[in-house]
2 protein chains.
Amino acid sequence: MEHNCEAVREANVSFYRAFEMLDIKRMEDIWSKGDYIKCIHPGWPVCAGWVEVRDSWVLIFNHTRAIKFSIDLLDIRILGDWAYVVCMESISTQEQEAWVDGKVLATNLFEWRGGQWQVFHHHGSPLVTNEAPAA
Amino acid sequence: MEHNCEAVREANVSFYRAFEMLDIKRMEDIWSKGDYIKCIHPGWPVCAGWVEVRDSWVLIFNHTRAIKFSIDLLDIRILGDWAYVVCMESISTQEQEAWVDGKVLATNLFEWRGGQWQVFHHHGSPLVTNEAPAA
């Protein structure tokens, strides 16, 4: 089957929409359940396999009041039933009454399973910037 | 062509050996030169394309007195002419007269070009640990 980048872009959007909505069911829908799946949250050790990956999202969702993403796509490539996305996440998180901004670089890898693109690897890491935090 | 994980593991070893040797020629040999190649050093913005990636290694090598790696492989997967490596880098760098330890998680992606596995994507990010730095 010939794949196109638009479907991969949409899968990437779905991943961040699930994160913004703090919705574990939506996050579950977008992830592969292969035993090789991995998730590296900024600064965390590797979470491997769906049980660990799911627990990490539940923990994050439970400790997040509100979060918004703006995604700059830096690359999308498709190789057979694999897809590769590199993007910069501009993130605003609500802390107490203020919104705090940050930037994270992400490598997101997808595989084609059951008629959809599913995440099998997410690696996010903080981008160190000199910008002052937003008020 | 059927690939095997051992050749990918060896390519990953070559990447870290080039880094330890602070040898830009060896680093050049192990990288793909595709215009899509990307390198994310811990905390840095994305370097894209061989000119930027090469410059980043030259900068790092020029500012590194000595560095040693111990690599824990967490996963290797091959999909066609792509390979995926996740590993933890235990790093010792020589600062003044002391060695400083740190840990970095890396996603390394390889592609099969010209009869060898070449890096086309390196994403390294600091693992936050509670261990005291080595003396």
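The values are calculated or read from the model by the stated rules, or taken from the named source; none is laboratory data. As the structure is a computational prediction, the values presented were derived from the model and not from experiment. Here the Cβ positions follow ideal geometry from the backbone for every residue, glycine too, while neighbour counts run over all protein chains shown.
Taking the listed residues A:Ala106, A:Ala83, the one that is among the small types (Gly, Ala, Ser) and touching a Cys at 6+ places or on another chain (Cβ under 6 Å) is A:Ala106, with no other qualifying. B:Trp44 fulfils the conditions (1) of a type in the set (Phe, Trp, Tyr); (2) free of Cβ contacts under 8 Å to residues at least 24 places away in the same chain; (3) touching a strand residue (DSSP E or B) at 6+ places or on another chain (Cβ under 7 Å) except for a single criterion, (3).
Just to be sure, is A:Met27 within 15 Å of the chain's Cα centre (by Cα) and away from every other protein chain (no Cβ under 14 Å)? Outline the logic, then answer.
Numbers: within 15 Å of the chain's Cα centre (by Cα): yes; away from every other protein chain (no Cβ under 14 Å): yes.
So A:Met27 passes the test.
Given the structure, is A:Tyr36 more than 13 Å from the chain's Cα centre (by Cα) and surrounded by 13 or more Cβ atoms within 10 Å (Cβ to Cβ)? When the stated conditions are applied, A:Tyr36 passes them. Taking B:Thr93, is it out of contact with any Leu (no Cβ under 6 Å at 6 or more places or on another chain), among the polar types (S, T, N, Q), surrounded by 14 or more Cβ atoms within 10 Å (Cβ to Cβ) and closer than 15 Å to B:Ala11 by Cβ? Spelling it out, it is not the case that B:Thr93 is out of contact with any Leu (no Cβ under 6 Å at 6 or more places or on another chain), among the polar types (S, T, N, Q), surrounded by 14 or more Cβ atoms within 10 Å (Cβ to Cβ) and closer than 15 Å to B:Ala11 by Cβ. Among the residues making up the range A:1-42, those that are of a type in the set (D, E, K, R) and either within 19 Å of A:Val86 (Cα to Cα) or assigned to a helix (DSSP H, G or I) (or both) are A:Glu6, A:Arg9, A:Glu10, A:Arg17, A:Glu20, A:Lys25, A:Arg26, A:Glu28, A:Asp29, A:Lys38.
Of all residues in the range A:68-111, those that are away from every other protein chain (no Cβ under 14 Å) and outside any strand (DSSP E or B) total 2. Taken over the range B:57-78, the residue count meeting the criterion of being touching a strand residue (DSSP E or B) at 6+ places or on another chain (Cβ under 6 Å) and loosely packed, with under 14 Cβ neighbours inside 10 Å is 4. Residue pairs whose Cβ atoms lie under 8 Å apart, sitting 6 or more positions apart in sequence or on different chains, and linking a residue in the range B:108-128 that is closer than 27 Å to A:His41 by Cα to a partner that is surrounded by fewer than 21 Cβ atoms within 10 Å (Cβ to Cβ) and hydroxyl-bearing (Ser, Thr, Tyr), are B:Phe120/B:Tyr36.
When A:Pro45 is tested against (1) touching a Ser or Thr at 6+ places or on another chain (Cβ under 7 Å); (2) assigned to a loop (DSSP other than H, G, I, E, B); (3) within 9 Å of another protein chain (Cβ to nearest Cβ), exactly one condition is not met: (1).
With respect to A:Ile40, is the statement that it is of a type in the set (A, V, I, L, M, F, W, C), in contact with a Phe, Trp or Tyr (Cβ under 8 Å, 6 or more places away or on another chain) and modelled with pLDDT of 95 or more true? For A:Ile40, the condition - of a type in the set (A, V, I, L, M, F, W, C), in contact with a Phe, Trp or Tyr (Cβ under 8 Å, 6 or more places away or on another chain) and modelled with pLDDT of 95 or more - is not met.
With respect to the conditions (1) basic (Lys, Arg); (2) within 12 Å of chain A (Cβ to nearest Cβ); (3) over 17 Å from B:Gly124 (Cα atoms), B:Arg65 lacks only one, and its number is (2).
Residues in the range B:3-13: is at least one away from chain A (no Cβ under 14 Å) and at pLDDT below 95? Scanning the range B:3-13 turns up at least one residue that is away from chain A (no Cβ under 14 Å) and at pLDDT below 95. Could you please let me know if A:Arg54 is surrounded by fewer than 16 Cβ atoms within 10 Å (Cβ to Cβ) and either within 15 Å of the chain's Cα centre (by Cα) or under 25 Å from B:His41 (Cα atoms) (or both)? Considered against the rule, which asks whether it is surrounded by fewer than 16 Cβ atoms within 10 Å (Cβ to Cβ) and either within 15 Å of the chain's Cα centre (by Cα) or under 25 Å from B:His41 (Cα atoms) (or both), A:Arg54 comes out as no.
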